[in-house]
1. Pick from the stretch 83-93 the residues that are touching an Asp or Glu at 6+ places or on another chain (Cβ under 9 Å) and open to solvent by 20 Å² or more (accessible area, probe 1.4 Å): which of them is farthest from Val687 (Cα to Cα)?
2. Suppose we filter the stretch 64-95 for residues that are closer than 22 Å to Lys773 by Cβ, of a type outside the set (A, V, I, L, M, F, W, C) and in contact (Cβ under 8 Å) with a residue 24 or more places away in the chain; how many remain?
3. Do the conditions hold for Gly322, that is, is it assigned to a loop (DSSP other than H, G, I, E, B) and either more than 30 Å from Arg209 (Cα to Cα) or open to solvent by less than 30 Å² (accessible area, probe 1.4 Å) (or both)?
4. Please indicate, with yes or no, whether at least one residue in the stretch 168-187 is of a type outside the set (Phe, Trp, Tyr), assigned to a strand (DSSP E or B), open to solvent by 20 Å² or more (accessible area, probe 1.4 Å) and touching a strand residue (DSSP E or B) at 6+ places or on another chain (Cβ under 6 Å).
5. If I ask for residues that are more than 30 Å from Leu127 (Cβ to Cβ) and either among the polar types (S, T, N, Q) or in contact with a Cys (Cβ under 8 Å, 6 or more places away or on another chain) (or both), which ones from the stretch 325-363 would you list?
6. Restricting attention to the stretch 228-260, which residues are surrounded by fewer than 22 Cβ atoms within 10 Å (Cβ to Cβ) and either in contact with a helix residue (DSSP H, G or I) (Cβ under 8 Å, 6 or more places away or on another chain) or within 26 Å of Ala79 (Cβ to Cβ) (or both)?
7. Please find, among Arg633, Arg530, the residue that is in contact (Cβ under 8 Å) with a residue 40 or more places away in the chain, open to solvent by 60 Å² or more (accessible area, probe 1.4 Å) and over 30 Å from Thr412 (Cβ atoms).
8. Which members of the stretch 691-718 meet the condition of being open to solvent by less than 60 Å² (accessible area, probe 1.4 Å) and in a loop (DSSP other than H, G, I, E, B)?
Amino acid sequence: MEHGESRAPARAIARGVWAAFSAASIVAATGWSTAAVAGSGDVLDEIVIRGQRLAPQELKVPMMIESVTANDVAAAINATNTEDVLKYLPNVLIRKRHIGDTQAPMTTRTSGVGASARSLIYADGVLLSALIANNNTIGSPKWGMVAPEEIERVDVMYGPFAAAYPGNSMGAVVEITTRMPQDLEISGKVQNVWQRFSQYGTRDTYPARQYTAFVGSTVGRVAWWLSANHLDSRSQPLAYATVTRPAATSGAGAPATGSFPDVNRTGAPILVLGGGGMEHQRQDNISGKVRFDISPVLRLTYMAGLFVNDDDAAVESYLRDGAGQPVYAGSLNLDGYNVNVPASAFSNNFYRLDERQLMQSVALKSQTGGPWNFDVVFSDYNYLKATQRFPTTALPAAAAGGAGTLTDGGATGWRTLDAKAIWKPAESDHEVSFGGHFDRYVLGNARYNTAHWIDGPRLALASDSKGKTRSYALWAQDVWTLTQDLALTLGGRYEDWRAFDGLNYSLAPALDVKQPQLTARRLSPKASVRWVALDDVVVTASFGMAYRFPTVSELYQAITTGATLTTPNPNLKPEQAISEELSVEKRFSDGSLRLSVFQEHINDALISQSAPLVAGSTTLFNYVQNVEQVRARGAELVGSWSDVAVQGLELSGSVSFVDPQVTKNPVFPVSIGKQTPQIPQWRATLVATYRPDDKWTLTLAGRYSDRIFATIDNSDIVGHTFQGFEGYLVMDARVHYQINAHWSAAVGVDNFNGRDYFLFHPFPQRAVSTEVKFSY
């Protein structure tokens, strides 16, 4: 515990939760494993099937849940990375720029790609969300810690309606459940992908190959598995070097050819000079899980994962001088315009990244079959190594070395502790769940100068940005069955948050600021009513309030203002979400249909926008601020059917409309009434899967989104350009063949319609994949 940190909240959690867990442990120790089975058979069955932790269904979370299973993935989804598993779920987009992308945040109904801290991703209770930031870079989830072969199922829960989850659940919660073999299982898979990409002067094929191995078994009271995954992938350009085209022509500058005229996202003329950020990634993921049944009703599980990522990013200049040699910088004459190309235009996208990350968790869970069950999970995520190197030497000399910078994020990491219990007495109309939570996040992001950017040692500290946050929480929820057809769920979550040890340092421009400590305490009420209107029609109305506390990187941001460096606001307030949802679900003998209408107001929304740093100044800078209020309201239609027209044909899909608006913003009034950044109005998915027999599975799928805006005043009017956001319709296909009991093969195409589009970055074009799998 940090110096000066109050122990009172921790003691409150301990006192509030200890009695329940002590009682549950006594129940487990006395062997009441057959008591009240008839009264809680559904819960017991669910535990036996899953054998992991308290699943959403066991906690009876009052949230709409959409799921995908391992069988769905194998048959119908071209999944090279874990995030691919979610690609057809309603109102979910993972901004995956290429295979193996480590910057792949999740968007939801009311939050975009720049709001990674508004959703939560767990794997067997271990938090994969990087709540050190709220962005699409270091704040992206750690999907690479889980390989697709490890997954049993994935559940996505929408909205902040469950007291068991922190306020970051205002977007959605993803629960990944890994599988545990009942008998000896051995499997291996080889995947190959070839992406054909053509944009500006780049025309090439970018391959990826992945090897996966899995082995596991259950022997007596011990169950275990080990998984190893190796990926070697190359990406299309993730960025382009551009310069603003002058208004007037000129004869000045060294002549060069090869630039492409275009406009930027605000419509201003630019020249595209070349591609950058063309990543070559070598990733390894080694994971394992051991589960020990201490007794028939008590289970202990340990899980660990090591993620290794080596990434070299290259650039490609389209410019050529009179001798045909590539040009990277200087005063140039391009198509009659004199432009000054800085060395950073290319070197900013020429880098090396070396990452080593370790995830560990310990879980203790009961499965008594009686009135008490509990689940305790402790997790630790540690950045063993996180080094990124950039040259400051101009290309092409930088390719051989020279001066540069080295950024070390190795001090970053987080720990979480969650304790949950369920109490459901026999013959009672109440099911009570409650628990406590602790988390601690540390961000370290020191940048050093180095004489040899490729592999040289660090020299003087150039800049540093670091800090810590911690939270305690207590929560409770009661599911009260009023009648056979009517249930009321009431809940609440109390959170105590603190940010401390914040520091911003820079050698040049000079800055050395120790940031103030912040504290906040919030109570978030929840309520939901579930009514079985007919045997096959369920109506659910939910209300939830949630608070999302600022991340370290939002609090301690540093903005360059000419020759100085400024920290604009280390006193950001938590954003408050007030969410409502009304859903009607109709079940048929061969499918289901759900209509949901929802609304969310976010007060003090944390959004990057333009504002002065000095009161009364007319000079604007872009940085994260509290926007007084944004609002999103919309509707979502989700359906699935089996044996449509012919036996073996399954259809599933979704369509949603959202009206996101900035409603109050006195700091930047021009944004009022504009579309909230990064949230599309229309989204849709459609998946058709046909199984003519027990060997063949054929899938055709589509994903649609209309355009979004990146800026809060919607000034980015052009979507089809680097840093623009445009709408897209992407079609995918997959053919899976089960050769025999042990061998299977598949061929797939993602984006087979060849859609050329930007979501800030140029996105993948047509990609063909093959896979062969052996399982025993």
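1. Filtering the stretch 83-93 for residues that are touching an Asp or Glu at 6+ places or on another chain (Cβ under 9 Å) and open to solvent by 20 Å² or more (accessible area, probe 1.4 Å), the one farthest from Val687 (Cα to Cα) comes out as Lys87.
2. Filtering the stretch 64-95 down to residues closer than 22 Å to Lys773 by Cβ leaves 68-88.
Cutting the leftovers down to of a type outside the set (A, V, I, L, M, F, W, C) gives us 69, 71-72, 78, 80-84, 87-88.
When the remaining residues are screened for being in contact (Cβ under 8 Å) with a residue 24 or more places away in the chain, the result is 69, 78, 80-84, 87-88.
Of the residues in that region, 9 qualify.
3. It is true that Gly322 is assigned to a loop (DSSP other than H, G, I, E, B) and either more than 30 Å from Arg209 (Cα to Cα) or open to solvent by less than 30 Å² (accessible area, probe 1.4 Å) (or both).
4. First, pick out the residues of the stretch 168-187 that are of a type outside the set (Phe, Trp, Tyr): 168-187.
Still in the running and assigned to a strand (DSSP E or B): 172-178, 185-187.
Then keep just the ones that are open to solvent by 20 Å² or more (accessible area, probe 1.4 Å); that gives 185-186.
From what's left, touching a strand residue (DSSP E or B) at 6+ places or on another chain (Cβ under 6 Å): 185-186.
Yes, the stretch 168-187 has at least one match.
5. Initially, the stretch 325-363 is screened for residues more than 30 Å from Leu127 (Cβ to Cβ), giving 325-350.
Answer for the stretch 325-363, where residues must be more than 30 Å from Leu127 (Cβ to Cβ) and either among the polar types (S, T, N, Q) or in contact with a Cys (Cβ under 8 Å, 6 or more places away or on another chain) (or both): Gln325, Ser331, Asn333, Asn338, Asn340, Ser344, Ser347, Asn348, Asn349.
6. First, the residues of the stretch 228-260 that are surrounded by fewer than 22 Cβ atoms within 10 Å (Cβ to Cβ): 228, 230, 232, 234, 238-239, 242-255, 257-258, 260.
If the condition is that a residue be surrounded by fewer than 22 Cβ atoms within 10 Å (Cβ to Cβ) and either in contact with a helix residue (DSSP H, G or I) (Cβ under 8 Å, 6 or more places away or on another chain) or within 26 Å of Ala79 (Cβ to Cβ) (or both), then Ala228, His230, Asp232, Arg234, Leu238, Thr242, Val243 are the ones that fit.
7. Working: Arg633 fails: in contact (Cβ under 8 Å) with a residue 40 or more places away in the chain.
Among Arg633, Arg530, only Arg530 is in contact (Cβ under 8 Å) with a residue 40 or more places away in the chain, open to solvent by 60 Å² or more (accessible area, probe 1.4 Å) and over 30 Å from Thr412 (Cβ atoms).
8. Residues of the stretch 691-718 that are open to solvent by less than 60 Å² (accessible area, probe 1.4 Å), as a first pass: 697, 699, 701-703, 705-706, 708-716, 718.
Answer for the stretch 691-718, where residues must be open to solvent by less than 60 Å² (accessible area, probe 1.4 Å) and in a loop (DSSP other than H, G, I, E, B): Asp706, Ile708, Phe709, Ala710, Thr711, Ile712, Asp713, Asn714, Ser715, Asp716, Val718.
The values are calculated or read from the model by the stated rules, or taken from the named source; none is laboratory data. Here the structure is a predicted model, which means the values were calculated and not measured. Heads up, the Cβs are rebuilt from the backbone with ideal geometry, glycines too, and the neighbour counts pull from every protein chain shown. The protein model used for the area step is the full one, side chains on, heavy atoms only, and it has no ligands, DNA or RNA in it. Shrake-Rupley method; radii C 1.70, N 1.55, O 1.52, S 1.80 Å.
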